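Q: First, the structure itself, so that you have it in front of you.
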Amino acid sequence: MADWTENLPPAAQEYLTDRRLDEVECIIPDLPGIARGKAVPATKFARQEYFHLPDSIFYQTITGEWGEAAGDEGFIEKDMILRPDMSTATAAPWTGDWTLQVIHDAYDRNGNPVPFSPRNVLKRVVELYRDQGWEPVVAPEMEFFIVARNLDPAKEIEPMMGRSGRPAAARQAYSMTAVDEFGPVIDDIYDFAEAQGFEIDGITQEGGAGQLEINLLHGDPVRLADEVFYFKRLIREAAMRHDCYATFMAKPIADEPGSAMHIHHSVLDMETGKNIFSGPQGGETDAFMHFIAGLQNHMPAALAVIAPYVNSYRRYVKDHAAPINLAWGRDNRTTGIRVPLSGPASRRVENRLAGMDCNPYLGIAASLACGYLGLMEQRKPQPEFKGDAYDGDGDIPRTMGEALNLFSQADALHKVLGTEFARVYGIVKDAEYDEFLQVISPWEREHLLLNV
């Protein structure tokens with residue numbers, strides 16, 4: 001091994017044992033969570049301390065178009081300085097040669113973090129917690145679908161063909177037989193995860209046809225966001241090996257449940273290491289209630305970040321395993337904010353609104369930001385909801401346009417996430433929404449063409 005590889009994380013070192021490293025993928029997550037960057041020979045990476053990309057990558061929409069500011073005459077496309085975080089070095093085991101991936105952080109020419117880089121946004125929010133003597137802890141759950149290859153966007157998405165030769169069936173939640181149907185894909189997911197040093201807490205079949213869930217162990221928010229970012233890539237690669245697709249769309253198949261990225265939160269006192277949600281006798285604290293209130297009061301504005309596309313809002317449908325409001329309850333999966341069964345040390349709050357289509361850095365940052373504002377404002381939440389929250393009224397935005405309007409006015413949320421990030425994010429999302437509104441759907445042609 002070259003000298004620089006001796007300080008790699010253990011899994012990366014083990015991956016390279018008795019092997020010659022060929023290539024390093026230098027990557028950075030953009031606003032949608034796509035890996036941007038470049039691949040360089042290992043010998044060149046050993047000599048470089050940083051590389052450059054233009055900051056305009058953060059103005060690019062999901063369709064590859066550009067937000068309004070990137071087209072303005074006054075917009076200066078500056079080069080960012082991208083420096084590797086070697087703690088993120090991990091294998092890319094699906095490649096044909098021996099390749100590592102390394103996530104980079106974005107800085108300007110003065111060494112300041114680029115404020116609209118998603119990883120920097122999350123780091124900013126975590127630092128605000130630490131300034132108060134708190135250590136935020138999260139545990140994400142990842143839901144996704146394994147579907148048949150889809151080469152025609154006009155064709156509806158279909159479940160993949162299982163090992164039995166039959167299409168995946170719906171309504172088989174927690175079925176081990178259903179999990180076995182995807183055995184070869186799941187085997188590769190486990191193998192890739194092991195090669196990358198990631199620990200999976202469990203894989204289960206969810207309620208949709210071909211829908212799976214992966215749970216990750218709780219920990220540092222930035223590290224967990226890195227893992228979700230990496231997991232999305234490795235899951236897609238595992239599926240492609242078996243002639244199918246993995247999709248993280250919030251609602252890929254009509255009349256099926258959507259895919260969420262549920263986020264569990266707890267907060268530790270940095271001095272004592274104790275969970276601030278539990279008191280000395282094990283009871284719920286004021287901080288616990290304040291955190292819940294923060295989610296209730298600020299999540300409507302944050303929805304544009306945790307539900308970032310027009311498709312995201314198709315997931316919020318009654319009785320389809322997705323919340324329609326910001327009610328909170330203990331051990332109640334119909335509420336948007338759930339308090340799972342736990343002992344005092346592991347008392348936590350689960351945000352069930354975030355979609356799996358969100359950028360994991362921004363989704364976790366937005367959710368933590370709402371909780372942080374609650375802790376600082378020290379307001380009480382609404383009374384606990386008991387019963388079926390689907391029977392209640394919806395109190396979250398139902399469309400992307402409504403969510404973007406709320407986000408644009410959310411000054412308190414902007415200050416936590418960063419005002420420059422909020423400005424750029426709003427520009428990009430407004431551009432995406434305008435693009436969508438120019439598309440005429442089959443529903444409109446079917447029902448409006450001759451009837452209105």
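The values are calculated or read from the model by the stated rules, or taken from the named source; none is laboratory data. Fair warning: this is a prediction, and the values are worked out from it, not measured in the lab. Every residue, glycine among them, receives a Cβ derived from its backbone with ideal geometry; neighbour counts consider all protein chains shown. These area figures cover heavy atoms from the full protein model, side chains too; ligands, DNA and RNA do not enter into them. Shrake-Rupley method; radii C 1.70, N 1.55, O 1.52, S 1.80 Å.
Q: Tell me, rounded to the nearest percent, the portion of alpha carbon pairs in segment 313-451 spaced more than 17 Å apart.
A: Here the long-distance tail beyond 17 Å is 70 percent of all Cα pairs in segment 313-451.
Q: Rounded to two decimal places and with Rh computed the Kirkwood way over Cα pairs, what is Rg over Rh for segment 388-452?
A: That ratio equals 1.15.
Q: How high is the FRET efficiency from Glu68 to Lys318, r the C-beta distance, R0 41 Å, rounded to 0.05?
A: For R0 = 41 Å, the calculated efficiency reads 0.70.
Q: Here is a further query. Determine, from the Cβ-Cβ distance of Glu127 and Glu377 and an R0 of 22 Å, the FRET efficiency 1/(1 + (r/R0)^6), rounded to the nearest 0.05.
A: 0.70
Q: Suppose a student asked you for the relative contact order of segment 8-109, using Cα pairs under 8 Å spaced at least 6 residues apart; what percent would you report?
A: 35 percent
Q: Please identify every one of the chymotrypsin sites (Phe, Trp or Tyr not before Pro) in segment 201-296 that sits in a loop by DSSP and has no more than 11 other beta carbons within 10 Å of its own beta carbon.
A: Nothing satisfies the criteria.
Q: While we're here: Using alpha-carbon positions, what is the distance between the centroids of segment 375-425 and segment 99-113, in Å?
A: 31 Å
Q: Quote the charge dipole size of the chain about the Cα centre in Debye, to the nearest 20; the model charges only the Cβ of Lys and Arg (+1) and of Asp and Glu (-1).
A: 520 debye
Q: Okay, moving on. Can you pull the one-decimal nm distance between simple spin-label points at His52 and Ala412, each 7 Å off the Cα toward Cβ?
A: A separation of 4.3 nm, rounded to one decimal place.
Q: Mind giving me the FRET efficiency for Thr272 and Met86? R0 is 25 Å, r the Cβ-Cβ distance, nearest 0.05 is fine.
A: The value I calculate is 0.20.
Q: If you filter segment 322-351 for trypsin sites (Lys or Arg not before Pro), then keep DSSP loop positions with at most 12 other Cβ within 10 Å, what is left?
A: Of the trypsin sites (Lys or Arg not before Pro), not one in the loops of segment 322-351 has a Cβ with at most 12 other Cβ atoms within 10 Å.
Q: Shifting gears a bit: What whole-number value in Å² describes the accessible area per residue of segment 1-129 for a 1.4 Å probe?
A: Value for segment 1-129: 49 Å² per residue.
Q: Go through (1) 23.3, 84; (2) 22.0, 72; (3) 22.7, 96 and flag the label whose value is the computed Rg and Dmax of the Cα atoms in Å for this structure.
A: (2)
Q: Please give the length that would be gained between Ser342 and Arg19 if that part of the chain were fully extended, namely 0.36 nm times their separation in residues minus their C-alpha to C-alpha distance (nm, one decimal).
A: 111.8 nm
Q: How many percent of the accessible area of the chain is carbon or sulfur, using a 1.4 Å probe?
A: It is 49 percent, rounded to a whole number.
Q: Label 7 Å along Cα→Cβ of Val452; segment 396-410 residues with amide nitrogen under 19 Å?
A: 399-402
Q: Which distance in nm do the two modelled labels at Glu199 and Asp395 give, with both placed 7 Å along the Cα-to-Cβ direction?
A: So the two model labels end up 3.8 nm from each other.
Q: How large is the dipole of segment 1-155 about the Cα centre if only Lys and Arg carry +1 and Asp and Glu carry -1, each at its Cβ, rounded to the nearest 20 debye?
A: 200 debye
Q: Output the pairs from Lys78/Lys123; Lys155/Lys386; Lys78/Lys232 with a Cα-Cα distance over 31 Å in this structure; if there are none, say none.
A: Table pairs above 31 Å Cα-Cα are Lys155/Lys386.
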